[in-house]
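S.K.: Let me give you the structure first, and then I'll get to my questions.
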Amino acid sequence: MLKSTSTIAALLMSATPLMASAQVIDVKITNLTQGIYFTPILATAHSPEYSLFQAGQMASPELQAMAEGGDIAGLVSIADSIGASSQANPAGGLLAPASYTMVTDWDTGTNTALTVVAMLLPTNDGFVGLNSWTIPEQAGTYTVYLNGYDAGTEANDEIVNGGGMPGAPGIPANPGGNGGMGATGVIAEEVNTMIHIHPGNVGDSDPEGGMSDLDSRIHRWLNPVAKLTVTVK
């Protein structure tokens, strides 16, 4: 069995790998939310015995950096170390609400599992995720809806203060500029420290205080948060 030198090796899948064959695919990622932005996206095709994240497990430092600050460099390095074929930042920056990005004619080689991740802004440590989805062998178009996850690494205080480095509380930014300031904070401690389904933003309607710097009329959301369309050629 292959082993990665990264901490992600702890997430090795126990399933027997599928027979691999070269595939060419198109991938379309659509932001389904009203007021949430996706930071630079990482889409990576890899061997099915690896996972970049897994619900119910602790987040790796690399996943934490992505979920708290939008930094995908560590996850790209992991993907490279296991022979993955990756598409980093296909949108060329933030993916706005109701927008989409495309990857066309992507030769995934012999990699048969697809993972997609990106931080959700404005959140503390929320991310959109698809974990090791099996790329179909038969030609056709396939649709998958993606959930928003909480990395479990930071309390969802909903305070926009320029934070974003692992271990530094707060939300890095509100790209839409449509929130408030001076919040006291929604919560001060993360109870579930494992990766889990995100409970969504709470927000409030006080632009100059209250418990949240997010607007409850704009930044609340429910799953799914993204639509993935894969065309196998």
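Read the figures in this text as sums done on the coordinates, not as results from a lab. All values derive from a computational prediction rather than experimental measurement. When we count neighbours, we look across all protein chains shown, and the Cβ atoms used for this are built from the backbone with ideal geometry, even at glycine.
S.K.: Given the criteria out of contact with any Leu (no Cβ under 8 Å at 6 or more places or on another chain) and hydroxyl-bearing (Ser, Thr, Tyr), does TYR149 qualify?
M.R.: yes
S.K.: For segment 102-132, how many residues meet the condition of being over 21 Å from LEU63 (Cβ atoms) and assigned to a strand (DSSP E or B)?
M.R.: Matching residues across segment 102-132 total 8.
S.K.: Continuing with the same structure: Please pick out the residue among VAL128, VAL76 that is over 22 Å from ARG220 (Cβ atoms) and of a type in the set (A, V, I, L, M, F, W, C).
M.R.: VAL76
S.K.: Now a separate question. Would you call SER86 polar (S, T, N, Q), assigned to a strand (DSSP E or B) and at positive phi?
M.R.: no
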